[in-house]
Ligand SMILES: *Cc1c(COP(=O)(O)O)cnc(C)c1O
């Protein structure tokens, strides 16, 4: 028996998954009168090897998302030759700010003012301008990451004024067990309020493998898709 060539097999697997996700995105766009160009698909590559990022880049993917600094930093270094935009989508620990601003183009999880200060200091130190999104806790439970909707305006203002950082918009995860239509409608309202004060901060990062159509219907601009593209993740064993 001859083993199938694993890289070739993986390449066609990823190509098929990408085509399927693109079809879902186009269907949702058609259903809601939006255009594909308004949307950025972020391939969430956490737990998957740099070889997969390379294949995805060959298939035309330009945006990748990671949620753990150590893993992301290693992959960013390994993939430095690829034309990729790096999204940090996890909770940001203040003591990781220095590492994250070195490779991240857009940080999705800004949820407290102490973090704004730390990121700003480190971005200025390395001379980069790093995009930031205010993460919103749509269930008003900030202990699981994200700022309460009521705290978003102050955080947005802090980001807009922070040297080295650029306020780009908002991000949220639909709370577990919630109706994504309701959750993303609330996020859209929060996003509108931010844009009123900060025109140009027009990113709405919402929608994952299971709820991307609902997110598109409620104005998402950035989709963070892992499982549907790369497969079911096996938990990290370290
Ligand atoms: C892992 C992750 C995703 C991707 O989720 P899937 O259901 O695998 O598509 C999106 N957003 C965040 C914040 C994540 O941590």
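At an R0 of 22 angstrom, the distance between the Cβ atoms of residue 74 and residue 113 translates into a FRET efficiency of 0.15. Counting beta carbons within 10 Å around each of 221, 45 and listing the fewest first gives the order 221, 45. The calculated FRET efficiency for the pair residue 157 and residue 178, based on their C-beta separation and a Förster distance of 25 Å, comes to about 0.35.
Only helices enter this figure: runs of n ≥ 4 DSSP H residues, each worth -39500 (n - 2.57), summed and divided by the residues of the chain, yield -13500 deg cm²/dmol at 222 nm to the nearest 500.
For the range 107-206, averaging the sequence separation of C-alpha pairs within contact (under 8 Å, six or more residues apart) and dividing by the residue count gives a relative contact order of 29 percent. Taking label positions 7 Å along the Cα-Cβ direction at both residue 51 and residue 233, the computed distance is 2.0 nm, reported to one decimal. Measuring nothing but how far apart in sequence close Cα pairs (under 8 Å, 6+ apart) lie, relative to its length, the range 10-230 scores a relative contact order of 20 percent. Among 53, 26, a tally of other beta-carbon atoms within 10 Å of each Cβ gives an order, fewest to most, of 26, 53. Here each label is just a point 7 Å from Cα along the line to Cβ, and for residue 30 and residue 121 those points are 5.3 nm apart.
Counting neighbouring Cβ atoms within 10 Å and putting the fewest first, the residues 205, 12, 99 line up as 12, 99, 205. Under the simplified labelling scheme, the residue 13-residue 85 pair shows an inter-label distance of 2.8 nm, with each label point 7 Å from Cα along Cα→Cβ.
For the pair residue 94 and residue 196, a Förster radius of 35 Å applied to the C-beta separation gives a FRET efficiency near 0.75, rounded to the nearest 0.05.
Values quoted throughout were computed directly from the atomic coordinates according to the rules given, and no laboratory measurement underlies them. Because the structure is predicted, anything quoted here is derived from the model rather than measured. We place every Cβ from the backbone using ideal geometry, glycine too, and count neighbours over all the protein chains shown.
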